[in-house]
Amino acid sequence: MNEKPFKSAFIALFGRPNSGKSTLMNTVLQEQISIATSLPQTTRQNIRGIYTTPNTQLVFIDTPGMHKGGKHTLNAVMREQAVSAVTSGMDVVCYLVDLSRDFGDEEKDCAECVASASVPILIVFNKIDICENPDAKINTFLSTYKQFEKSPHIKLSAVDPKSKDIFLTAVDPLVPPGPMYFDEESLTDAPMRTIAAEFIRKQIIINTREEVPHAVFVEIESYKETPQKHEIVAGIHVETIGQKGIVIGPGGALIEKIKRFAKKDIEKLIGTRISLKLHVKVTPQWRDDDNFLRVMR
Ligand SMILES: Nc1nc2c(ncn2[C@@H]2O[C@H](COP(=O)(O)OP(=O)(O)OP(=O)(O)O)[C@@H](O)[C@H]2O)c(=O)[nH]1
Ligand SMILES: [Mg+2]
């Protein structure tokens with residue numbers, strides 16, 4: 001009998017901040033593994049999502065959005081994470097291009113970085129639902145960045161569940177024969193404490209404004225598993241006393257809300273009850289402090 005060989009690939013999801021990388025990964029996995037919000041620079045460190053079928057395993061690396069601005073060491077670390085995913089150890093680079101915004105220096109920077117990849121590239125033109133004339137925009141992109149004229153490309157809307165199949169069909173020819181790297185049940189190799197910290201940070205991003213989301217670092221101080229429930233204690237680091245007041249909210253109302261929604265997200269993913277304790281700490285300039293940034297590398 002001539003059975004098809006098992007196929008697998010490490011696939012970097014790369015592109016500008018807010019282009020929909022985390023959304024696409026979650027849509028393919030049909031699970032929230034990487035947090036996705038309307039805030040550019042939501043993802044801060046590479047996070048893997050794993051998709052397995054009886055004959056294929058795709059290991060996605062969701063990367064931080066490539067951005068030029070940002071004066072902190074954190075911004076450099078995020079950029080380093082994204083570039084390293086494109087330049088090392090991948091089988092495929094999937095380049096997400098947001099059709100709803102103008103291409104500018106940031107896109108140029110991304111295009112140059114992707115062009116340096118020595119593996120197959122799939123271009124995903126995203127957000128067709130909010131772009132007036134996707135085909136015209138795609139033509140503009142391909143005539144501006146001629147290096148991609150021969151690269152396979154697809155257009156979709158990552159928020160639409162139907163995009164899962166569009167994406168999987170397009171990426172399949174680029175996936176080489178290879179082993180199953182992770183258990184078939186695994187959705188990620190990230191420790192639960194990392195995911196818990198991300199779910200808490202997501203609620204802070206959703207519920208605060210301006211500089212606060214970027215100034216927050218969530219540290220899981222303890223994570224205890226018992227058969228009945230997981231007990232999590234997290235410290236929310238902010239950079240100023242003013243930010244601390246905002247995160248706590250009047251009479252502690254906002255921190256309670258953050259806790260309630262983060263708890264729901266964590267419980268949904270792990271299928272076990274949790275208890276969650278949050279407290280807010282002022283840690284000036286953590287974005288330039290290697291002790292904080294080390295955990296992302
Ligand atoms: N309308 C629409 N919104 C989308 C689409 N894809 C993503 N979004 C939204 O765009 C925003 C950014 O999505 P993310 O998945 O967080 O983008 P990202 O590329 O991971 O962003 P960073 O982590 O900041 O680099 C979120 O509000 C998503 O809901 C799409 O196809 N259509
Ligand atoms: Mg992201």
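Filter segment 281-297 down to the residues that are of a type in the set (A, V, I, L, M, F, W, C) and surrounded by fewer than 18 Cβ atoms within 10 Å (Cβ to Cβ), then identify the one that is nearest to the chain's Cα centre (by Cα). Here the residue is Met296. Listed by first and then second residue, the pairs with beta-carbon distance under 6 Å, at least 6 apart or on different chains, first residue in segment 16-44 and at positive phi, second near ligand 1 (Cβ under 8 Å from one of its atoms), are Asn18/Pro40; Gly20/Leu96; Gly20/Asn126; Gly20/Ala158; Gln41/Pro17; Gln41/Gly65.
Each residue in segment 51-70 was checked for being assigned to a loop (DSSP other than H, G, I, E, B) and touching a Lys or Arg at 6+ places or on another chain (Cβ under 9 Å), and 8 pass.
Scanning segment 159-182 for residues that are without any contact (Cβ under 8 Å) to a residue 60 or more places away in the chain, closer than 20 Å to Arg48 by Cα and not in a helix (DSSP H, G or I) returns no hits. In summary, Thr52 fulfils each of the numbered conditions (1) β-branched (Val, Ile, Thr); (2) surrounded by fewer than 22 Cβ atoms within 10 Å (Cβ to Cβ); (3) within 16 Å of ligand 1 (Cβ to nearest atom) with the single exception of condition (3). Screening the candidates Ser84, Ser22 for the property of being part of a helix (DSSP H, G or I), buried (at least 20 other Cβ atoms within 10 Å of the Cβ) and not acidic (Asp, Glu) yields one hit, Ser22.
Residues in segment 131-144: is at least one basic (Lys, Arg), buried (at least 17 other Cβ atoms within 10 Å of the Cβ) and over 20 Å from Ala12 (Cβ atoms)? The answer is yes; a qualifying residue exists. Determine whether segment 60-67 contains at least one residue that is farther than 20 Å from Tyr181 by Cα, within 11 Å of ligand 1 (Cβ to nearest atom), without any contact (Cβ under 8 Å) to a residue 60 or more places away in the chain and out of contact with any strand residue (DSSP E or B) (no Cβ under 8 Å at 6 or more places or on another chain). Checked segment 60-67: at least one residue is farther than 20 Å from Tyr181 by Cα, within 11 Å of ligand 1 (Cβ to nearest atom), without any contact (Cβ under 8 Å) to a residue 60 or more places away in the chain and out of contact with any strand residue (DSSP E or B) (no Cβ under 8 Å at 6 or more places or on another chain).
Just one of the listed residues (Ile138, Ile154, Ile123) is of a type outside the set (D, E, K, R) and in contact with a His (Cβ under 6 Å, 6 or more places away or on another chain), and it is Ile123. All told, Val92 meets the bar of being more than 11 Å from ligand 1 (Cβ to nearest atom) and either surrounded by 18 or more Cβ atoms within 10 Å (Cβ to Cβ) or not assigned by TED's automatic domain parsing to the domain that holds Thr144 (or both). Given the criterion surrounded by 13 or more Cβ atoms within 10 Å (Cβ to Cβ) and outside the structural domain of His72 (by TED's automatic domain parsing), identify the matching residue among Glu184, Glu239, Glu210. The conditions single out Glu239. Of Thr37, Thr43, Thr27, all but one fail to be of a type in the set (S, T, N, Q), touching a Phe, Trp or Tyr at 6+ places or on another chain (Cβ under 9 Å) and either in a helix (DSSP H, G or I) or within 29 Å of Arg193 (Cβ to Cβ) (or both); the exception is Thr27. Tallying residues that are more than 16 Å from ligand 2 (Cβ to nearest atom) and assigned to a loop (DSSP other than H, G, I, E, B) within segment 115-156 yields 14.
The values are calculated or read from the model by the stated rules, or taken from the named source; none is laboratory data. Model, not experiment: these values are computed from the prediction. Here the Cβ is made from the backbone with ideal geometry for all residues, glycine too, and neighbour counts use every protein chain on show.
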